[in-house]
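Working notes, beginning with the structure itself.
The values are calculated or read from the model by the stated rules, or taken from the named source; none is laboratory data. If you're wondering where the values come from, they're calculated on a predicted model, not measured in any experiment. Virtual Cβ from ideal backbone geometry, glycine too; neighbours counted across all protein chains shown.
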Amino acid sequence: MTTSSAHAPDDQQRRGAFLPAIIVLAVVVAIVVIASRVWTDLLWFRSIEMGTVFTTQLAAQVGLFLVFALIMGGLVFAGLAIAYRLRPRVRHANLDSEMLVQLRDVLDRRSTLIMAVPSAALGLLGGAVAASASSLFLAWIRATPFGETDSVFGLDASFYVFHLPWWRFVLGYVTFAFVLALLGALMVHFLTGSLTSKALRGLGNVSLAGTKGGLAAQRQLSVMLGVVLLLFATSQVLDRYSLLTTTNHLFTGVAFTDAASRIPAHLIVAVIAAICALVCFYNAWRVRWSVPGVSIALLVVSSLILGIGYPWFIQTIEVDPDEPDKERPYIAANIEATRHAFGIGEVEITDYEATTTVSAGQLREDAAALPAIRLMDPAVIPPAFEQLQQVRGYYAFPSTLDVDRYTIDGTEADAVVAVRELDLASVESGDTWNNMRTVYTHGHGLAAAYGNQRQSNGEPVFFSGGIPTVGVLPEHEQRIYFGERSTHWVVAGGPDGAEPVELDTPGGGEGGMESKNTYQGDGGVPVGDFFTKSLFAIRFGDVNLMLSDRVNEESRLLHNRVPADRVQEAAPWLTLDSDPYPSVVDGRIVWIIDAYTSTANFPNSTRVDWAQAISDTRTAADRLLVGTQVNYVRNSVKATVDAYDGTVKLYEWDENDPILQTWDKVFPGVVTPKEEISPDLMAHLRYPQDLFKIQRQVLGRYHTTNTNTWYQESDIWEVPNDPVAPGQQPTQEPPYFLTIRWPGDTQPHFANTTVFVPRGRENLSVYMSVNADATSDNYGQMRALKLSDTEQIAGPGQTFNAITTNEAVAERLLPFNRQEGATAIYGNLLTLPLGGGLVYVQPIYTQNDASGSYPALRFVVVRFGEHVGIGNTLQAALDQVFQGDAGADTGENVEEEEIDPEEPGSVLVGAERAKELLAEGMQLFIEADQALAEGDLGTYQSKNEQARATMEEALTALEEN
C-alpha cells in the first residue's frame, strides 16, 4: 500500500511531462508541414518565372496577419487589462455565487495568462481573416483611376472598385474588435465586482456601483461604447456610397427612393450616432446611464424609421404612382453605366428585312463564305476521334472538342481539334506508384480535322493525327505533359545515357514494341537534392519520393499540370474562360486561355450571375463560380500554357483596363506586353466565348437606350433553348464560332454568332455576331440584325421541328430509323446570314449500337424560309433549296447525287447508301488488319464484326433499291 502510494506522484509527474511533449511535437509537425507547403509553392512559382507573385502575396498576407492580429489582440487585451486594473480594492460578491468567487480567485492568481490567452487566440483568428483580404489591400494601394465618374457623388469608379471595399473591411474589422473588447471588459468588471447585480438593476442612479472602482468601470465602458458608436457613424457614411453598388427592385445602383430618402437617411443616422457617442463620452465624466440609454434608444428608433419606414413611404406614396417618370434619369444612368461596364455600348444594330423566297443562283454573292460552313459538330464527333485517333485505351479525347483555325495551302480553314491525353483510369495496373508517377507521364499529339469536310463514309478528314503525329501542320513538339486530364503529379527526366522509363509511343519502338522517352524540358521543379525531395514528400505525403531510384539527380517533379489551374494559381486576380483550347503555335502545342478582370462594384451597373450567364447545353459553370456576381468585365489577358514544359505566359490584351493596370503595378513584369504576341499566336486568338455569352445576356435588355422601353420590358431579347438537346439543363443554345459574310461586307470573317427570340416566343428576332478574328482590324466589332416584325422568321426550335417533320428528311432517314440499333443524331443547328435572309444548316449523323461504333456524317439539312432540303452534302442540300442551283460552289463532290429541282425530296437512296456502306466496310477491314499487325486481337475481332455487319447492310440497301 505504501509502495503503491509512493509511485503515484512519479506516475503523475511523468504524465504531466508527457502532455507538453505531445503539444511541442504537434507544433513542430505543423510548422514543418506549413514550411514544406510554403517552400514548395515558392519553387513552383519560380519554375514558371513568377516568383514575384508568390512573394508579393506572401508579404501582404504576413503583413496583414501581423498588423491586424496585433489590432485585434491588442484591443481585446487592453480592454481586459484596463478593466482588471480598475477592479475595486474591496471585493463585492455578485449574487453571492460561490462559483463567481472561485472564478475571481483564479483571475487574481493568473490574471495575465487568463487575459493573454484569449486575446492571442482572437488575434490569431483576426489575423487569418485579414490575411485572406490581401487582394483587397493590394488593389487598394495600387488603385488606378477609371476616368469614369458616377452620376450621384461624382466620384471616380476606382473609389467603388478599389477603395470602398477595403475601407469597409477595415471599418468592420475594427468595429468587431472594439465590440469584443467591450464585452470582455464588461465580463471582467462583473467578475471583479466593479459591476454588481444590484448595480445593474439600478442603471439610472449616479453612483451605480457605490464604489470608486464601479465608477471607473462605467467610465471605461462609456468611452468604449462611444468609440463603437463613432465607428457605426462612419459606417453609415460609407453606406451612402454603397447604394451605388446595391441591387434594388429595378437594377443595381441608385434609384429615386435611394436618392430621395436612403442617402440623406444614412447621413442623418450618422449624425445621431455621433451625438450618441458624445453623450457616452460625457457619461464617462458624469455618470448617469439614463442619458446615453435614451440616446441609444433614439438611435435605434431613428434608424428603423429613416432606414425602413421613410423609404417605404417615399416609394409607396411618391414613386409607385409615377414610377417611369420618377425613375427616368436613374434608369438612364444605369443603362449608360451597364453598357459601358460590359463593353456593349458600341453594338451596331441594323434593321434587316430578311427575304424568305428562293431563286436559282441566290447565294452567288456569298460564294466565299459557303466552303467555310462547319459541318463537324465538336459535341457529336468526339467518339469518332476516340475510335480513329485514340490508338490505345489509355489515351482519351475530351467530351467536347475545340474549334480553331489553321492556314493550309494558303487557305484559312476552320478546324475541330483535340489533344490526345492520358486516361489513367484505363491503364491496367495504373495504380502502382511507378506506373502512375514515372511511366505514364504524358499524352501525345494533336488531332485535327477539317470542320467543313468529311470522307465518303462520313468520317472526319484529318489533317493532323496519329502517333507520331503526321499531317500538314508545321513540325512541333508533340508530347503533352500539361493538359486538362493531367490531374496527378509525375516525376520525369533523367541523366544522359540512362535507360528511358516514360511510355512515349505505342508500337513506335523496335519490333513494334512500345517506345520510351526521357523528359528533356525545363518544366517542373528539380528534385535531385535530398532537401527538395523531402519537402515534396512531406507535401504529398508520399515517402516513395525519397526511396525510389527513379527519382535521381536530373529528375523534375511536374505538378499542378492542368492549364487552367496553372494560370489561376499564377494570376489569382483573373477569372478564366471555361473553354481553354489547344493550338500548334511556333513549333509548340500550347493551351490558349482567355482571362478576364471583373468586379461587382462598378457604380450603377447592373449585376449578373456569371455562372448562369455562361451555362448552356455545352458548358457547365465551374462550381467555384456559382453565385459569382459581376457588373464589369474585360477580356484583359490572353494566357498560354506550353503543353510540354508548362510555361505560363500572360499577354496584355485590353491595355486600357484600369483593373489590369492596377494588378500590373502590384505584380510588375508578370504580364507580357501585347506587342510581344507572335504572329503565329495572334492567328489563333479569338473573341472569348464566356465574355460573348455574358454580353448577349446583358444585351437582352440593355440593347436599348430608351428608358421607357427598358422600364416597360416591351423589347426583351432572349437566347432560345437549344432544340438539339431539349432534355438537358441548362437548355440555353450556345453561341457558335463560324466563318460568315455579314450583309453588305465583301469578304467573310471568323465570328462568334448567336440568335435571339422575343421573350416568351419562338420566332427569330435578332441575329448577332462579333468579329472573333484577332488579326482583323475589326476584331471585337459587335453587330446585330434586327428582323422585321411584319414577316416572322422561324426560330431554332421552330426550324428543328420543321426539319424533323419534313417528308424528304424522313424519307432519307427511313433506312436508319427502320434499322434496329441504328440512331440518327442531329448536330448543331447553325444560323448564317446568306442570300438576303437567314439560312439554317444542320448536319445529321448516324450511328449503330455495335461496340466501337461512332457517329458518321450522313446528311446535311438546309432551311431557308419555308424551304427545306436534305442531301449527302451541303452543296446538294443548298441546290435543292435554291431551285437546283444555289449559285455557289461549296467545294464538295455532288456527282453521287441526282437532284430534281422540281421535287427536292426525290433522291436515289439505296444505291448511294450502299456505296457509302461498302466504303465504310472496306475501311473497317483495313483497320482490323492494322490491329492484327499490332497484336491487338480484341480490336481486330471488333473491327471484323463491324465490317461484316456493314457489308450486310450494304447488300440490304442494294436489294431495296
Q. Somewhere in region 688-708, is a residue within 30 Å of residue 52 (Cβ to Cβ), touching a helix residue (DSSP H, G or I) at 6+ places or on another chain (Cβ under 7 Å) and touching a residue at least 60 places away in the same chain (Cβ under 8 Å)?
A. yes
Q.
Can you pull out every residue in region 141-176 that is among the aliphatic types (A, V, I, L, M) and crowded, with 18+ Cβ neighbours inside 10 Å?
A. 143, 152, 157, 161, 164, 174
Q. Checking residue 379 against (1) under 25 Å from the mean Cα position of the chain (by Cα); (2) in contact (Cβ under 8 Å) with a residue 60 or more places away in the chain; (3) under 30 Å from residue 518 (Cβ atoms), which single condition isn't satisfied?
A. (3)
Q. Taking residue 916, is it touching an Asp or Glu at 6+ places or on another chain (Cβ under 7 Å), buried (at least 17 other Cβ atoms within 10 Å of the Cβ) and at pLDDT below 85?
A. no
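Yes/no per residue for (1) surrounded by 22 or more Cβ atoms within 10 Å (Cβ to Cβ); (2) modelled with pLDDT of 95 or more; (3) under 15 Å from residue 689 (Cβ atoms):
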| position | (1), (2), (3) |
| --- | --- |
| 554 | no, no, no |
| 589 | yes, yes, no |
| 610 | yes, no, yes |
| 624 | no, no, no |
Q.
What's the total number of residues in region 755-765 that are in contact (Cβ under 8 Å) with a residue 60 or more places away in the chain and under 15 Å from residue 789 (Cα atoms)?
A. 2
Q.
Please verify whether residue 536 is within 30 Å of residue 334 (Cα to Cα), among the aromatic types (Phe, Trp, Tyr) and in contact with a Ser or Thr (Cβ under 9 Å, 6 or more places away or on another chain), treating the condition exactly as stated.
A. no
Q: Please determine, by comparing only the residues of region 458-487 that are polar (S, T, N, Q) and more than 20 Å from residue 378 (Cβ to Cβ), which one is surrounded by the fewest Cβ atoms within 10 Å (Cβ to Cβ).
A: 487
**Q.** All positions within region 146-170 that are more than 26 Å from the chain's Cα centre (by Cα) and part of a loop (DSSP other than H, G, I, E, B)
**A.** 147, 148, 150, 151, 152, 153, 154, 155
Q | Matching residues, region 232-263, being within 18 Å of residue 155 (Cα to Cα) and among the aliphatic types (A, V, I, L, M) | A | 237, 238, 243, 244, 254, 255, 259, 263
**Q.** Matching residues in region 538-573 - criterion: being without any contact (Cβ under 8 Å) to a residue 60 or more places away in the chain, aliphatic (A, V, I, L, M) and either under 21 Å from residue 646 (Cβ atoms) or assigned to a strand (DSSP E or B) (or both)
**A.** 545
Q. If you take the residues of region 699-734 that are closer than 30 Å to residue 325 by Cβ and buried (at least 22 other Cβ atoms within 10 Å of the Cβ), which of them is nearest to the chain's Cα centre (by Cα)?
A. 699
Q: Could you give me the residue pairs with C-beta distances under 8 Å whose first residue belongs to region 383-404 and is closer than 23 Å to residue 504 by Cα, whose second residue is in a helix (DSSP H, G or I) and among the hydrophobic types (A, V, I, L, M, F, W, C) wherever it lies, and which are 6+ apart or on separate chains?
A: 394/424; 397/385
Q: Return the total of residues in region 408-429 being surrounded by 11 or more Cβ atoms within 10 Å (Cβ to Cβ), more than 28 Å from the chain's Cα centre (by Cα) and within 30 Å of residue 370 (Cβ to Cβ).
A: 3
Q.
So, in region 557-574, how many residues would count as being crowded, with 22+ Cβ neighbours inside 10 Å and either β-branched (Val, Ile, Thr) or in contact with a Pro (Cβ under 6 Å, 6 or more places away or on another chain) (or both)?
A. 2
Q. When only residues in region 1-60 that are polar (S, T, N, Q) and modelled with pLDDT of 90 or more count, which is surrounded by the most Cβ atoms within 10 Å (Cβ to Cβ)?
A. 47
Q: Check region 328-342 and report whether any residue there is assigned to a loop (DSSP other than H, G, I, E, B), under 30 Å from residue 602 (Cβ atoms) and touching a helix residue (DSSP H, G or I) at 6+ places or on another chain (Cβ under 6 Å).
A: yes
Q | Selection within region 386-397 - crowded, with 18+ Cβ neighbours inside 10 Å and either in contact with a helix residue (DSSP H, G or I) (Cβ under 7 Å, 6 or more places away or on another chain) or in a strand (DSSP E or B) (or both) | A | 394, 395, 396, 397
Q: Go over the candidates 932, 924, 874 one by one and state the one that is of a type outside the set (D, E, K, R), under 28 Å from residue 793 (Cα atoms) and modelled with pLDDT of 65 or more.
A: 874
**Q.** Unique match (being at pLDDT below 95 and farther than 19 Å from residue 61 by Cβ) among 156, 96
**A.** 96
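Residues checked against (1) in a strand (DSSP E or B); (2) modelled with pLDDT of 85 or more; (3) touching a His at 6+ places or on another chain (Cβ under 9 Å); (4) on the phi < 0 side of the Ramachandran plot:
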site: 857; (1), (2), (3), (4): yes, yes, no, yes
site: 863; (1), (2), (3), (4): yes, yes, no, yes
site: 868; (1), (2), (3), (4): yes, yes, no, yes
site: 880; (1), (2), (3), (4): no, yes, yes, yes
site: 898; (1), (2), (3), (4): no, no, no, yes
site: 902; (1), (2), (3), (4): no, no, no, yes
Q: Determine which single condition residue 312 fails, assuming it passes every other condition in (1) over 39 Å from the mean Cα position of the chain (by Cα); (2) surrounded by fewer than 18 Cβ atoms within 10 Å (Cβ to Cβ); (3) part of a helix (DSSP H, G or I).
A: (1)
Q: Return yes or no: is residue 138 within 30 Å of residue 633 (Cβ to Cβ), at pLDDT 95 or above and either buried (at least 19 other Cβ atoms within 10 Å of the Cβ) or assigned by TED's automatic domain parsing to the domain that holds residue 572 (or both)?
A: yes
Q) In this structure, does residue 379 turn out to be assigned by TED's automatic domain parsing to the domain that holds residue 454 and assigned to a loop (DSSP other than H, G, I, E, B)? A) yes
Q. Restricting the search to region 374-421, which residues are closer than 17 Å to residue 580 by Cβ, in contact with a His (Cβ under 9 Å, 6 or more places away or on another chain) and not basic (Lys, Arg)?
A. 404, 419, 421
Q) Any idea which of (1) assigned to a strand (DSSP E or B); (2) surrounded by fewer than 18 Cβ atoms within 10 Å (Cβ to Cβ) is the one residue 738 doesn't satisfy? A) (2)
Q.
Step by step: first the residues of region 122-135, then only those that are small (Gly, Ala, Ser) and in a helix (DSSP H, G or I), then the one that is surrounded by the fewest Cβ atoms within 10 Å (Cβ to Cβ). Which residue is that?
A. 128
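Looking only at region 251-259, decide whether some residue is part of a helix (DSSP H, G or I) and either small (Gly, Ala, Ser) or at positive phi (or both).
yes
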